[in-house]
1. Once you have the Cα-Cα distance between residue 318 and residue 226, take 0.36 nm times their residue separation minus that, and quote the gain in nm to one decimal.
2. Kirkwood hydrodynamic radius (Cα pairs, Å) of region 20-81?
3. If the convex hull of the alpha-carbon atoms of region 231-316 is projected onto planes in all directions, what is the mean projected area in square nanometres?
4. Need the full-extension length gain, residue 65 to residue 253, defined as separation in residues times 0.36 nm minus the C-alpha distance. One decimal, nm.
5. So how far, in whole Å, is the C-alpha centre of region 21-60 from the one of region 333-412?
6. How large is the dipole of region 205-411 about the Cα centre if only Lys and Arg carry +1 and Asp and Glu carry -1, each at its Cβ, rounded to the nearest 20 debye?
7. Using only Cα atoms, figure out Rg for region 1-112 and give it as a multiple of 2.2 N^0.38 Å.
8. In terms of modelled amide H atoms, which long-range or inter-chain residues lie less than 5 Å from the amide H of residue 349?
Amino acid sequence: MYQLKLLQLLGIHEYENSFYLEINLQLDEEAHVFWEVDSETALSLKRVSDFSNEHLYRLSFHTNNNKSSITKHYLDQSTRIEFTCSDQYIEALTALKQLEAITELDKLPFISRKLAKNTSQEASQMLESEVKDGSVPKTKRKLSWLITPLLITVLAIFTAYTGHSILISASTLPSGEALWVDRPSADKALSLEEEQVKEKPKTMLLKENITIVENHKTPYVELIEDISSKLPKGMVALTFDDGPSQFTGEIVDILKEFGVGGTFFTIGTNVKQYPEQVKYIAENGFSIGTHSMTHANLAASSKSKQEKELVQSSEAIEAITGEQVTLFRPPFGAMNDTTTRIVTSHGKKTVLWNNDTRDWETRNAGKIIQHIKTTDVTGSIILLHETKATVDALPAIITYLLEQDLQIVTLR
Ligand SMILES: [Zn+2]
């Protein structure tokens, strides 16, 4: 069974002419240990991290040509930054990745439980002032990685979005990943940062014509093309068709638990049958698109029938959520020029997919997971359906995608 493995970086220390990463590894249990690394990797990591603030850092398990990345979490923002690493670091990272239980951690030669056996004075050469003897971290360092997503969510809810934007330097990111991270405006009454200078939100278009925004709930991308079937590399979208259903709530809860995005393409008749589920999707910040009123084959339908399928289903969703429906997915992926014209004239965007799990056919969680693991997932829009098998497979799918270092986004 797949296990979520998270590697949090708490500090970088120099002690007796060696460098150590202070890490928190979450596996079946959590362990707070020190990882001896070469000076080059330590310094390269130090350049992209700052432990004087309340930032939380997650180290990626993924490397590519002596490059790896670190994700910085702060309030509602998360940004990924690349750093250079040695072969030695990659070897150690691989060993950590292959660990199956925390108890095996002590067998790794580069891991130690403490930096110094005795007193704080011995650790005088530390790069970071916070840590004294390495075994007694400051309270803020004890923040469990497990509660981090929760913390971020809570902070996000109680923190104002001032429209403040940050630009991640293109030079510090993997190619094609330069992006603006926006903090959308929200209820000013909740503001805890009123002194902060207000800026107009900015967005930047990527090559692929997609605006990337991260909000307080789930990271999302705003599609710009009339018809989309893929995403930029480094991202992936999970899409759930044919609901809402008795499984919607569970799917939403799993997405929430992992703090990842999701998009639901609902059928109008089901929307009327499960209005509470529609509300639940929207309340939790996930997207709802229309998948027609009756799951009709639009390519084989008249113009008026097509329009009715689109409009009625959108109105059914809008009556519940109060938000305009902007995404559409044709049943069976079947559409013609008339469909495109109608969809565009109603200001909606068509979302297809480029990764079909065939979950509706197998109805088998193991096979769905196997499919995901054997296909090229980066940049994919994954097609799933609201079934028991999908619910059962979802935690393993998300874990796998996160381990591939992908950002799981909601589509808008
Ligand atoms: Zn369908």
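1. Length gained, residue 318 through residue 226: 31.0 nm.
2. Details: mean 1/r = 0.0780 Å⁻¹.
For region 20-81, the Kirkwood estimate is 12.8 Å.
3. So the mean shadow area of the Cα hull is 6.4 nm².
4. Values: separation 188, 0.36 × 188 = 67.68 nm, distance 3.68 nm.
Using 0.36 nm per residue and subtracting the Cα-Cα distance, I get 64.0 nm.
5. The two parts, judged by their Cα centres, are 33 Å apart.
6. 400 debye
7. Working it through for region 1-112, the quotient is 1.01.
8. Here the answer is 327, 328, since their amide H atoms fall under 5 Å of that of residue 349.
The values are calculated or read from the model by the stated rules, or taken from the named source; none is laboratory data. Please read all numbers here as calculations on a predicted model, not as lab measurements. Using ideal geometry, Cβ is built from the backbone for each residue, glycine included, and neighbour counts are taken over all protein chains shown. Just the protein is used for accessible areas: all its heavy atoms, side chains included, with ligands, DNA and RNA removed. Shrake-Rupley method; radii C 1.70, N 1.55, O 1.52, S 1.80 Å.
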